[in-house]
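The values are calculated or read from the model by the stated rules, or taken from the named source; none is laboratory data. Bear in mind the structure is a predicted one, so any value in this text is a computation, not a measurement. Ideal geometry is used to build each Cβ from the backbone, glycine not excepted, and the neighbour counts take in all protein chains shown. For accessibility, only protein heavy atoms count, side chains too; no ligands or nucleic acids. Shrake-Rupley method; radii C 1.70, N 1.55, O 1.52, S 1.80 Å.
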Amino acid sequence: MSSQNLLPSEAEIVIIGGGIVGCSLAYHLTKRGINDVVLLERKQLTCGTTWHAAGLVSMLWPTPTLTNLAKYCHELYATLEKETGQATGYKQIGSLSLARNKERLEELKRNASMAKVFGVKSEILGPNEMRELYPGLSSEDILGALYIEKDGQTNPIDTTMALAKGAQNRGAKIIESAKVNRILTDNSKVIGVTVGEEKINCRKVILTGGLWSRDIAASLNIHLPLYACEHYYVVTEEIPDLTPRPVLRDFDREIYFKEDAGKMLVGWFEKNAIGCPMSRITDDFCFDEFPTEMEHIEPYLLNAMETFPPFGSVGIRTFFNGPESFTNDNLHLMGPVPEINNLFVACGMNSKGIAAAGGLGKILSDWIVDGYPSGEVTETDVRRNNSAQTTQSYVEARIPEALGHTYAMHWPFYQYKTARNLWKSPLHKDLADQGACFGEVGGYERPNWFARNGIEPAYKYTYRKQNWLDCAAAEHTSVRESVGLYDISSFGKFEILGIGALSTLQRLSCANIDVEIGKVVYTQWLNDRGGIEADLTIARLEEDRFWIITGIGSLNRDWWRLKHHLEPDVKLTDLTMSYACLALQGPNSRDLLQPMVESDLTSKAFNFGTGEFSKLNGKTVWIQRLSYVGELGWEIFISSESAVNVLKDIQLAGKTFDLSNVGLHAVNGLRLEKGFRHWGHDIGTEDNLHQAGLSFTAKPDASDFIGRNAFLRSANSKKTERRLVQFALQDPDLFLYHNEPIVVNEAIVGYLTSAMYGHSIGSSIGMGYVNLPNISEETLLESKVEIEIATERHAAKATLKPLYDPSGEKMRQ
C-alpha cells in the first residue's frame, strides 16, 4: 500500500498508530460518514505487533462484551475481501479446547452454556471425536474438549491492509513514516498533533499506538495500565500429511497449535512471562524481533510434543519472540480519557488484537460519532482503573501475571498475587489478625471472608463448594439473626462544598437532592439515553455541603463525571483515604450501638435514610442509617486516625451480642437475597431505571437532571421488553457464579449478571435481565424457569420481588 506522505494542515480526527486497531477505526469512522480522518503511522502499517500475530479469530471470549465484539469481527472479516478487493486470508476452521481435569471440563462446559446466549454454537466432544477431528492428537489424560465449528483465522497483515483500503476508498488519509511527537491541548482539550516540525489541527485524537501508547499518554500526565511482555511462538518445517484442521488449545499445558500451509505454528501464554520495558524498544523498531531464550521456552516445546507427537519429529523453521502489550486485567483499554476532552484510546489488546479489532473499531467509532458506545463496554472502559493501578511498579508486577492468566483457570473469586497491599483500610492489620482473607478491587484490599474453626485464611479455588462457604454462612447468619460488622472503608468518598454544590448534584442525580440537612439520598446518575452511569448515596451534611459515597470499582469514573459537571464556586475533595467506614448490621445493631453514641437511635428519632454527626465513646463520627443487606443497621464514618479505636470499642461491646466479623462475600449474598443492585454487574450504562426496577429513585418533577427526558419516555412506554429478575435454584447443592443462561419455557432469554449462595434462602441465587415483553409476577409464576449450568438446566424460582423481606420492614424497624 502506498502511503500518502503530504501532511494536511487540519483534520476532523487524527488516529495515532497504524496497526489493525487503528486501521479498523479509520475504516469504521469513514463508514459512519466521517471521511476527514488522518491515520499517522510512525514507520509502516502493522510493523509494531500486528504483523507477527497468530491471526486467531475466536467466537467465544471470557466475557459477554468481548463475545459480542468477536461475533461482529467474524462477520466483518468474512466480507472485507469482497468489499475492498484485498484478500484477507480469513477462513472458518473451528477450534478445539482441551480439558485434562474435571474442573477445566466444567469451565469449558460453562463457557459453552454462555456461548448459547450469543448464538455461538459449540459442543463438548469426547476423546474419540477429538482424535477424528484432529489426527495425531494424543488424547491420553484428556477428559473432553470444547469444539466451536465457526472459529476462524485470518492473515493479520492482509486484513489490516483490507481495512486500510476500505478507509482510503472513503476518503481517509493514511500516512506512513509520520511519527507523532506531541498531542497538542488547550484548556484540557485536544487541538492537534505535531509530526516533526509540522502541525495538524484536529478536533479529536484516537491513540492506537500499541506498545507506545503508555509513553505517549504519559506526556499528557495520563497513566494507562499498559506494559509489554515477550510473546513467543515457533513454526515447524512442513509436516507430512498435515491436513487443515481446527486451532487446538491445550490450556492446562499453556499452549496452542495452528496449522499453517502444511506447517504447524505453536505458541503459548506462560505463567512466568518476561516483561519488556520500553527501553528495549528502539526508536527505529520496525518488524523487529527479540532473541529467543531457549531455556525459557523449552518446557512449552516439550509440552507440545506430548500433546501433538508429530511436532517432535520435524525441525523448527522459525523461532519468534516479539513484544506485545498487555493490561492488568486482560481486558483492553478503550474510550475517552477523562483528563483531556476529545482524546480517545484503543490499546492493550492482550494478544487478542486481531480477533477484537473489528468489533472494537465499530463500537468506538460509534462512541466518537454518536457520543456514546453502541453496546456495553464498562469492563473495557479506560476509566475503570484507579490511580494505584497505573503506576510503573504496579504494571511491571501485575501485567506479566495477567498474561499468564490467559490460559489459566478462570476461577470464581480468583485473586491475583502480585501488586497487592497498595491501598489498605486503616483497619487492615487488625482484621488480618482476626482471620480476614482479603480480596483486591480497584487496587484496594478488602476483607472477603473470615477464617474460623481452624481454616486457613486462603482461597482453594473450585467451581464446587468454596472452602470458605461455611465461614460466610456463619457471617450471613449473624447479620440475619443478631449483628455483624464489616469494613467498607474502600467506599469512594467525595465532599462537595459551596453555593453551587446543590445545583451540581441536582443536575447529575435523578433523585431529589434538595432535602433537609441530615437526609441521605439513594440515587443514580444517568446519561442522556437514561442509562445508569453511577449508583451512589448522597448525604446532605450542611446547607451547601454534601458527601457522595460510591463503590471502589467506579471511584475514578464517578470522580471525573462529578468534576466535569461542577458549577462555579464549588470545592470538590476526595476523602476516600481520610475516612474509614464500618457497617454495623442486624436486628441487634441498635442495642449494641446505642450505649456508645450520644445520638438517639430509636426509630422515631433516627429515621431510615438519615444521618448525623455524633460522638462514639468520645470520637467524632458520622452515622447514617442505611443497609445494603436488608437489616436494621448503621454505616459509621470515622477519621482514619480514630478507626482502630472505634473498631476495638465496637467489638468489645459486641461480645454481649456475639458480634461477628463479616466479609464482603457474605455481604454479596445478603444483598442478592434483598434484591439490591450492584453497579458494573446488575446495572450499567446500557440499562435504564425501569428495566433495573429502580424507577422509584427518580424525581422528574424536582429537577431537570441529565437523562430526564429519556426516563420520561421509558416511563410512558406501555411495553417493557427487558426486566431485571431475581432467581433461586431449587437444588441446594448447585452453585451459581454469574453469566449462566436464563431459560424460560425452553428459550434462552438472558444471563445472570451476578450470583451467590443465599444462605437464608437455602440455595444459590442470582439476578439477571430477562428479555421478554410485559414480564410480571404472574407470567413468571406460570412459566417454566431454569438456569443452565455447564450445559445442564436446573429448575429455578423467578420473581420481580426481593427473595428476602420483600416489604423492607426489617431494615426500617
Condition first: under 29 Å from residue 524 (Cβ atoms) and among the hydroxyl-bearing types (Ser, Thr, Tyr). Now tell me which residues in the range 711-763 satisfy that.
714, 717, 720, 737, 751, 753, 754, 757, 760
Mind checking which residues of the range 125-151 are touching a Ser or Thr at 6+ places or on another chain (Cβ under 8 Å) and open to solvent by less than 70 Å² (accessible area, probe 1.4 Å)?
127, 130, 135, 137, 138, 145, 146, 147, 148, 151
For the range 551-576, pairs from a residue that is on the phi > 0 side of the Ramachandran plot to a residue that is modelled with pLDDT of 95 or more and not aromatic (Phe, Trp, Tyr), with Cβ under 6 Å and 6 or more apart or across chains, are 569/498; 569/499; 569/500
Tell me which residues, restricted to the range 388-435, are in a loop (DSSP other than H, G, I, E, B) and among the β-branched types (Val, Ile, Thr).
390, 391, 406, 418
Just wondering, is there one or more residues in the range 213-230 that are open to solvent by 10 Å² or more (accessible area, probe 1.4 Å), among the charged types (D, E, K, R) and at negative phi?
yes
Exception for residue 318 within (1) part of a loop (DSSP other than H, G, I, E, B); (2) of a type in the set (Ser, Thr, Tyr); (3) in contact with a strand residue (DSSP E or B) (Cβ under 9 Å, 6 or more places away or on another chain) falls at (1)
Mind checking whether some residue in the range 710-720 is under 23 Å from residue 512 (Cα atoms), open to solvent by less than 10 Å² (accessible area, probe 1.4 Å) and among the aromatic types (Phe, Trp, Tyr)?
no
Hey, among 189, 150, 179, which residue is among the basic types (Lys, Arg), out of contact with any Leu (no Cβ under 7 Å at 6 or more places or on another chain) and at pLDDT below 95?
150
Look at residue 252 and say whether it is modelled with pLDDT under 95 and of a type in the set (D, E, K, R).
no
What pairs can you find where one residue is in the range 30-49 and open to solvent by 60 Å² or more (accessible area, probe 1.4 Å), the other is among the β-branched types (Val, Ile, Thr), and their Cβ atoms are less than 9 Å apart, with a gap of 6+ or different chains?
32/368; 32/369; 36/13
Quick check on my filter: what residues within the range 374-415 are within 21 Å of residue 269 (Cα to Cα), in contact with a strand residue (DSSP E or B) (Cβ under 7 Å, 6 or more places away or on another chain) and aliphatic (A, V, I, L, M)?
395, 399, 402, 403
In the range 596-611, anything more than 22 Å from residue 810 (Cβ to Cβ) and out of contact with any Lys or Arg (no Cβ under 8 Å at 6 or more places or on another chain) is listed as 596
Looking at the range 125-179 only, could you name the residues that are part of a loop (DSSP other than H, G, I, E, B), of a type in the set (Val, Ile, Thr) and closer than 30 Å to residue 37 by Cα?
154
Go through the range 563-588 and give me each residue that's acidic (Asp, Glu) and either in a loop (DSSP other than H, G, I, E, B) or open to solvent by less than 40 Å² (accessible area, probe 1.4 Å) (or both).
567, 569
Are any residues in the range 786-813 crowded, with 21+ Cβ neighbours inside 10 Å and closer than 30 Å to residue 99 by Cβ, and if so, which ones?
786, 787, 788, 789, 796
Which numbered condition residue 748 fails, given (1) open to solvent by 50 Å² or more (accessible area, probe 1.4 Å); (2) in a loop (DSSP other than H, G, I, E, B); (3) of a type in the set (Val, Ile, Thr); (4) more than 27 Å from residue 630 (Cα to Cα):
(2)
If a residue counts only when it is β-branched (Val, Ile, Thr), which strands (runs of 3 or more DSSP E) contained entirely in the range 5-117 have at least 3 such residues?
10-16
Any residue in the range 197-216 that's at pLDDT 95 or above: show its pairings with residues that are open to solvent by 70 Å² or more (accessible area, probe 1.4 Å) at Cβ separation under 6 Å, as long as the two are six or more apart or on different chains.
201/10
Flagged in the range 436-478 as farther than 30 Å from residue 390 by Cα and either in a strand (DSSP E or B) or among the basic types (Lys, Arg) (or both), in numbering order, are 452, 464, 465
Which one of these does residue 313 not meet: (1) surrounded by fewer than 20 Cβ atoms within 10 Å (Cβ to Cβ); (2) under 27 Å from residue 227 (Cα atoms)?
(2)
I need the full set of residues from the range 473-519 which are open to solvent by less than 10 Å² (accessible area, probe 1.4 Å) and either acidic (Asp, Glu) or within 15 Å of residue 699 (Cα to Cα) (or both), in order please.
475, 505, 508, 509, 510, 511, 513
